[in-house]
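The values are calculated or read from the model by the stated rules, or taken from the named source; none is laboratory data. Just so it is clear, the model here is predicted, and its values are computed rather than measured. Cβ coordinates were reconstructed from backbone atoms using ideal geometry, including for glycine residues, and neighbour counts include every protein chain displayed. Ligands, DNA and RNA are excluded from the accessible area calculation, which covers all protein heavy atoms including side chains. Shrake-Rupley method; radii C 1.70, N 1.55, O 1.52, S 1.80 Å.
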Amino acid sequence: MAFTISITYDMLAFVSSWELRLFKEIATTKSMSRGAAHCGVSQSAASQHVQEVERRLGVSLFDRTKRPLDLTDAGKLYAEFCRDVLRREDEFTRHLEDLKGEVGGTVRVASIYSIGLSEMSRLQEEFAAKQPTGHLHVNYMRPEKVYEAVRNDGADLGLVSYPEMSREIAVIPWRNEEMQVAAPPNHPLAARDEVYPSDLNGQDFIGFDEDLRIRRELDRFFRSHGIEVNLLMHFDNIQTIKEAVALGSGISILPARTMQAEIAQGRLVAVKLNAPDLVRPVGIVHRKRKKFNRAAESFLEMLVTGR
């Protein structure tokens, strides 16, 4: 029992919440490299941190003869301590906000570019009007970086397409976005009220990079309809694809709501695609058992309910 008390009080004098979170991730993943990646640090830095904690405590926290890494009894005790301190820190923040009687604090959002660039200005205005004492901080990232930020507690919420649940990540469905054909104004398909899948056969096409889920879904759509397009180029984001289409390089298939600005400018035409099952699901992801501050709770409610 004396050992438990020594850790509980002495460790607070020199270990930050970030360092506690790093150890918790290493213990959870049973991997120095994965735990380090989840916290955005090098494996070397994570290893040095663990060694420093072991030196201060005078005990080994991991049995390094085993793979995957296995916690020693002292390591299990310290991992429990890390989880407890982080939980109590979250509770303290939320209770302090309750005592203040206002929705304060910062909501940290990681968003893929297509959602952030097309939606975030509106969302920031709505949130500012609803919660003037809250702050919304947004980072735009590739999909895998959004999940990484959420896992590492670098973001409270993530906005992604084709959201995927995991052992660490929870998913809240948000909406299904209609996919339409994007064409330059002078393209023959731009004059159509509706395009059928067969109309895409042989068309010059601007697509997505192969490692993206939306590319795999479009490839599956083409195969199911026996379509062969002439893939001229591919990019990793919707913004660049829109620019290529507007310059007359070819057509594409994109979420309709991501093209609104270019349509208003007369640079793109969006044509209805007769493929009701082809949608882009968009969701909100967060770390499981994440305790949100009141500002984050308010922003999440605004996203889910639309008010």
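Rank Asp211, Asp204 by accessible area, highest first, at a 1.4 Å probe radius?
In descending accessible area the options line up as Asp211, Asp204.
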Legend entry - trypsin sites (Lys or Arg not before Pro) restricted to DSSP loop in segment 222-272 with at most 12 other C-beta within 10 Å: none
Inset, instruction - Please give the length that would be gained between Lys272 and Asn230 if that part of the chain were fully extended, namely 0.36 nm times their separation in residues minus their C-alpha to C-alpha distance (nm, one decimal). - result: 13.1 nm
Inset, instruction - Can you tell me the relative contact order of the chain? Whole percent, Cα pairs under 8 Å, sequence separation 6 or more. - result: 21
Inset, instruction - Taking amide H positions as placed in the peptide plane 1.01 Å from N, state which residues far from Val269 in sequence (5 or more) or on other chains have amide H under 5 Å from it. - result: Ala183
Legend entry - Vicinal HN-Hα couplings computed from phi for segment 115-130 (Karplus, 6.51 cos²θ - 1.76 cosθ + 1.60; Hz; Gly/Pro x): 6, x, 5, 8, 10, 5, 4, 5, 5, 5, 5, 5, 5, 4, 6, 7
Legend entry - Under Karplus coefficients 6.51, -1.76 and 1.60, residue-wise ³J(HN,Hα) of segment 289-298 in Hz, glycine/proline x: 6, 5, 9, 7, 6, 5, 5, 5, 4, 5
Legend entry - Heavy-atom surface of the chain, accessible at 1.4 Å and reported per residue (Å²): 51
Inset, instruction - Step through the residues of segment 109-114 one at a time and calculate ³J(HN,Hα) from phi using the Karplus curve (6.51 cos²θ - 1.76 cosθ + 1.60, θ = phi - 60°), rounding each to whole Hz and writing x for Gly and Pro. - result: 10, 10, 9, 5, 4, 5
Inset, instruction - Kindly express, to the nearest 10 degrees and within the range 0 to 90, the angle between helix 73-100's C-alpha long axis and the longest C-alpha principal axis of the chain. - result: 70
Legend entry - Amide H partners (placed H, <5 Å) of Asp70, local residues excluded: Asp63
Inset, instruction - Would you calculate the separation in nanometres between label points at Val279 and Asp211, each defined as 7 Å from the Cα along the Cα-to-beta-carbon direction? - result: 2.9
Inset, instruction - Taking the Cα centre of the chain as origin, work out the dipole magnitude from +1 charges on Lys and Arg Cβ and -1 charges on Asp and Glu Cβ, in debye rounded to 20. - result: 620
Inset, instruction - Just the number, please: carbon plus sulfur as a percent of the accessible area of segment 150-239, 1.4 Å probe, no ligands or DNA/RNA counted. - result: 45
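Give me the percent of DSSP beta bridges within segment 105-173 that run antiparallel, rounded to the nearest 5.
Taking every DSSP beta bridge with both residues in segment 105-173, the antiparallel ones total about 0 percent.
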Inset, instruction - Specify which residue in the list Leu273, Gln203, Val285 is farthest towards the positive end of the charge dipole of the chain, using unit charges on the beta carbon of Lys, Arg (+1) and Asp, Glu (-1), about the Cα centre. - result: Val285
Inset, instruction - For segment 139-251, give the magnitude of the charge dipole about the Cα centre (Cβ charges: +1 Lys/Arg, -1 Asp/Glu; no others), in debye to the nearest 20. - result: 80
Legend entry - Distance histogram for segment 150-279 (every C-alpha pair counted, 10 angstrom bins, percent rounded to whole numbers): 12, 42, 31, 12, 3
Legend entry - Separation in nanometres of the label points that stand 7 Å from Cα toward Cβ, at Arg220 and Arg88: 4.7
Legend entry - Low-density loop positions, trypsin sites (Lys or Arg not before Pro), segment 144-191 - DSSP coil, at most 11 other Cβ in 10 Å: Arg167
Inset, instruction - May I ask what percent, to the nearest 5, of DSSP beta bridges between residues of the chain are antiparallel? - result: 55
Inset, instruction - Would you mind giving the three semi-axes, in whole Å and largest first, of the ellipsoid equivalent to segment 215-307 according to its Cα gyration tensor? - result: 32, 18, 13
Inset, instruction - Please state, to two decimals, what the Cα-based radius of gyration of segment 130-191 comes to when divided by 2.2 N^0.38 Å (N = residues). - result: 1.63
Legend entry - Inter-probe distance in nm under a simple model that places probes 7 Å from Cα toward Cβ, at Arg122 and Asp70: 5.5
Legend entry - Computed over the chain, the ratio Rg/Rh where both radii use C-alpha atoms and Rh is Kirkwood: 1.08
Inset, instruction - Could you run the Debye sum over the Cα atoms of segment 100-215, one equal point scatterer each and no solvent, and tell me log10 of I(q)/I(0) at q = 0.13, 0.19, 0.20 Å⁻¹, two decimals? - result: -0.70, -1.09, -1.15
Inset, instruction - Can you grab the distance from the C-alpha centre of segment 143-166 to the C-alpha centre of segment 193-262, Å, no decimals? - result: 25
